Amino acid sequence: MSLPPGQRAIDTFPRFGTHFHRPPPEVPADPAIEISGAVTEPFAVPLAGLTKLPRRELTADFHCVAGWTATNVRWEGVAFDTFYRMVIEPSLQPDTSITHLAFEGLDGYRSIVAIEDALADAVLIAQHIDGHPLDGDHGAPARLVSPDQYGFVSTKHLCRIELHTAEPDARYHPSPIIQFGLQLVKPHRRARVWREERHRYLPAWAVRPVYRRIIPAIRRLNARAR
């Protein structure tokens, strides 16, 4: 099995995220994805409506920037390219050129993705994992899945998509503490795993040891939150 540089295969799929120290956010009774930004008018897409779009299954490895890889994860949902072309694109303001999208979750986390990465072939809005509906640990009720980028791009508990005509500010979370921590980490703008784009400025070899040392502490916090 060939893995991207700096990755190690593991037997499980750990729960990682900004809410690792507490339970996952509750799922709303009628979950929806809000669409805002460079659109004619903001609107919401009920998740129940995704069943009307073509479905896609995908088996792919999931690569965490911390250095672990969960192999052969089976996802099922809607290709983001399909969602964008059929749902978002008709709502764009005239003569608008979208360069970036911001994906936000119910936990407040936000990832910023270049349009060319968001529309890549393997990117999904996933609702199932390994044949079962997503649980709280892995992003219920729906999440972004971008296998060719590090996991911090794949926003869990997806509830909002913002359309931008220029790269927006790197606002990752409304919590000042979490935002400060992520600002210090300086996530890479593209986060492509096969190019080992872990850090915005530092070379990959310099950050690998730091990430690997914090994994045990995060796992312990995750276990306490369940």
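The values are calculated or read from the model by the stated rules, or taken from the named source; none is laboratory data. Keep in mind that what you see is a predicted model, and the values were worked out from it rather than measured. Cβ placement follows ideal geometry from the backbone for every residue including glycine, while neighbour counts extend to all protein chains displayed. Surface areas here come from the heavy atoms of the whole protein model, side chains and all, with no ligands, DNA or RNA. Shrake-Rupley method; radii C 1.70, N 1.55, O 1.52, S 1.80 Å.
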Restricting the search to the range 133-164, which residues are farther than 13 Å from G77 by Cβ and more than 13 Å from the chain's Cα centre (by Cα)? D135, G136, D137, E162, L163, H164
Tell me whether the range 157-180 contains one or more residues that are in contact with a Gly (Cβ under 7 Å, 6 or more places away or on another chain) and small (G, A, S). yes
Which of the residues that make up the range 36-66 are of a type in the set (G, A, S) and crowded, with 20+ Cβ neighbours inside 10 Å? G37, A66
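Name the residues in the range 177-195 that are charged (D, E, K, R) and either out of contact with any Lys or Arg (no Cβ under 8 Å at 6 or more places or on another chain) or crowded, with 17+ Cβ neighbours inside 10 Å (or both), would you?
Scanning the range 177-195 gives R190, R192, R195.
Give, as residue ranges, the strands (runs of 3 or more DSSP E) completely inside the range 78-176 that count at least 2 residues that are closer than 24 Å to Y211 by Cα, touching a helix residue (DSSP H, G or I) at 6+ places or on another chain (Cβ under 9 Å) and open to solvent by less than 10 Å² (accessible area, probe 1.4 Å).
Numbers: elements: 100-105, 110-114, 124-129, 143-145, 158-164.
Here the list reads 110-114, 143-145.
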Taking the stated definitions as given, is A44 over 29 Å from R195 (Cβ atoms) and in a strand (DSSP E or B)? yes
Within the bounds of the range 27-49, is there any residue that is closer than 24 Å to A191 by Cα and without any contact (Cβ under 8 Å) to a residue 40 or more places away in the chain? no
Among all residue pairs at least 6 apart or on different chains, which show Cβ distances below 9 Å where the first residue, located in the range 135-164, is farther than 15 Å from A114 by Cα and aromatic (F, W, Y) and the second is at pLDDT 95 or above and open to solvent by 10 Å² or more (accessible area, probe 1.4 Å)? none
